[in-house]
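Chemist: Supplied in C-alpha cells, the structure appears directly below.
The values are calculated or read from the model by the stated rules, or taken from the named source; none is laboratory data. Just so it is clear, the model here is predicted, and its values are computed rather than measured. Cβ coordinates were reconstructed from backbone atoms using ideal geometry, including for glycine residues, and neighbour counts include every protein chain displayed.
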Amino acid sequence: MLASTLTTVAVFPPIVLVTGEAGQLFVDIGIGLSASVLFSLFAALTLVPILSGLFLNRREAEKILQGMGNNSPAIDQLELASDQIIPNIQYRRVARKSFISRIFAWLNSFVTRISEMFLLFQRRLEQVLLNSVNWSLGIKRKGRRLVVLAIPITLIFVSLQLLPPADYLPEGNRNLILWLAEPFAGTSIPEAISLSEAARNFASQQPEVMRTLYIQRPGLKAIAACVKAELATGRTMDSMVGRFRQAGANFPGYPFMVPIRASIFR
C-alpha cells in the first residue's frame with residue numbers, strides 16, 4: 001500500500017515546480033490529489049483496521065484465517081491475544097439480546113459472508129491466472145507468447161487512435177502568434193524569405209509586437225510574431241489574430257495565410 005501510494009504521489013511534485021500558464025492550471029490539482037492520496041493511505045493503515053475489529057470477533061476471525069489456508073498452531077494462540085489484536089464486542093456479557101446487539105450480530109455475519117465470498121472469488125481468480133500462465137509459458141509455446149504480447153500492443157495502438165484532438169485544451173496567453181504562410185509550390189527558400197518581407201513588416205508595425213521572424217522547415221512555413229509579455233493577454237492576442245486574418249489577403253504569393261495563437265501545450 002505504501003509503495004503504490006508513493007508511486008502515485010511521485011507523479012505530482014514535478015507539476016508543482018512548473019511555472020507559467022501550465023503551472024497555474026495544474027499546481028492546485030497536483031497538491032489536492034497528493035494530499036487526498038496520502039490521507040487515504042493514513043486512513044487505510046489506521047481507521048480501516050480499527051473499524052474491521054469492531055465487526056469481527058475472535059471466532060469469526062479464526063474462521064476466515066482457516067479459510068485462507070492458515071491451518072497452523074498459531075491459530076490456537078490467537079485466543080490468548082484476542083483481547084489485544086481483535087476487540088471483542090462483549091456479546092457474551094450481555095444476558096439478553098438488545099436491539100443494538102442484534103444489529104452488531106447481523107453485521108458480524110454479513111462481514112463473514114462477504115469475506116467468504118471474497119475468498120471464493122480470490123481462489124477462482126488465482127486458478128484463472130495459473131491456467132493462463134500454464135497456457136502461455138513453456139518451451140514449445142512461443143506462438144502463444146506472441147499472442148499474449150500482441151494483446152497489449154493492440155490495446156496501445158487502439159488507445160492512441162481514440163485519443164481526442166488537443167484543440168479542446170485552453171490556448172493560454174503565450175506571447176507568440178504563428179501566421180501560417182504556405183507559398184505556392186516550387187518557391188525556393190530565398191524567394192520565400194523575400195516574399196515574407198511585406199507580411200513581416202506589417203506584423204512589426206503592430207504596437208504589441210517586439211520582433212518577428214520567418215520559419216521554414218518541413219511541415220511548417222510561418223511568420224512568427226513575438227508579442228511583448230506584458231501585453232500578451234487573451235483579449236489582445238485575439239485582437240491581433242483578427243487583424244492578421246483581415247490583412248492576409250493583401251500579400252500576394254500565398255494561397256492562404258492563417259494566423260493562430262501558439263498553444264501552451266505545444
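Chemist: Name the pairs whose Cβ atoms lie under 8 Å apart, with the first residue in the range 201-216 and buried (at least 19 other Cβ atoms within 10 Å of the Cβ), the second charged (D, E, K, R) and part of a loop (DSSP other than H, G, I, E, B), and 6 or more positions between them or separate chains?
Modeler: Close Cβ pairs satisfying both conditions: 208/228; 209/228.
Chemist: Go over the candidates 45, 41, 2, 54 one by one and state the one that is over 30 Å from residue 175 (Cβ atoms), at pLDDT below 80 and among the hydrophobic types (A, V, I, L, M, F, W, C).
Modeler: 54
Chemist: Name the single residue, out of those in the range 113-141 being assigned to a loop (DSSP other than H, G, I, E, B) and of a type in the set (A, V, I, L, M), that is modelled with the highest pLDDT.
Modeler: So the residue we want is 137.
Chemist: Identify, please: which residue in the range 244-259 is of a type outside the set (A, V, I, L, M, F, W, C) and touching a helix residue (DSSP H, G or I) at 6+ places or on another chain (Cβ under 9 Å) and is, among those, nearest to residue 226 (Cα to Cα)?
Modeler: 259
Chemist: Tell me whether the range 218-235 contains one or more residues that are surrounded by fewer than 18 Cβ atoms within 10 Å (Cβ to Cβ), touching a helix residue (DSSP H, G or I) at 6+ places or on another chain (Cβ under 8 Å) and of a type outside the set (S, T, N, Q).
Modeler: No, there is no match, as no residue in the range 218-235 is surrounded by fewer than 18 Cβ atoms within 10 Å (Cβ to Cβ), touching a helix residue (DSSP H, G or I) at 6+ places or on another chain (Cβ under 8 Å) and of a type outside the set (S, T, N, Q).
Chemist: Would you pick out the residues in the range 1-41 that are among the aromatic types (Phe, Trp, Tyr) and surrounded by 11 or more Cβ atoms within 10 Å (Cβ to Cβ)?
Modeler: If the condition is that a residue be among the aromatic types (Phe, Trp, Tyr) and surrounded by 11 or more Cβ atoms within 10 Å (Cβ to Cβ), then 12, 26 are the ones that fit.
Chemist: So, one more: Checking the condition outside the structural domain of residue 19 (by TED's automatic domain parsing), modelled with pLDDT of 90 or more and not polar (S, T, N, Q), which residue from 266, 235, 243 passes? Please lay out each step first, then the result.
Modeler: Values: 266 fails: modelled with pLDDT of 90 or more; 235 fails: modelled with pLDDT of 90 or more.
Residue meeting the stated conditions: 243.
Chemist: Kindly evaluate residue 209 against the criterion of being at pLDDT 90 or above and within 23 Å of residue 19 (Cα to Cα). Walk me through how you get there before you give the answer.
Modeler: Working: at pLDDT 90 or above: yes; within 23 Å of residue 19 (Cα to Cα): no.
Here the answer is no, as residue 209 does not meet what is asked.
Residues are listed down the side, and each one gets a yes or a no for (1) surrounded by 12 or more Cβ atoms within 10 Å (Cβ to Cβ); (2) at pLDDT 80 or above; (3) part of a helix (DSSP H, G or I):
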{"residue": "66", "(1), (2), (3)": "yes, no, yes"}
{"residue": "75", "(1), (2), (3)": "yes, no, yes"}
{"residue": "84", "(1), (2), (3)": "no, no, yes"}
{"residue": "92", "(1), (2), (3)": "no, no, no"}
{"residue": "95", "(1), (2), (3)": "no, no, no"}
{"residue": "107", "(1), (2), (3)": "yes, yes, yes"}
{"residue": "111", "(1), (2), (3)": "yes, yes, yes"}
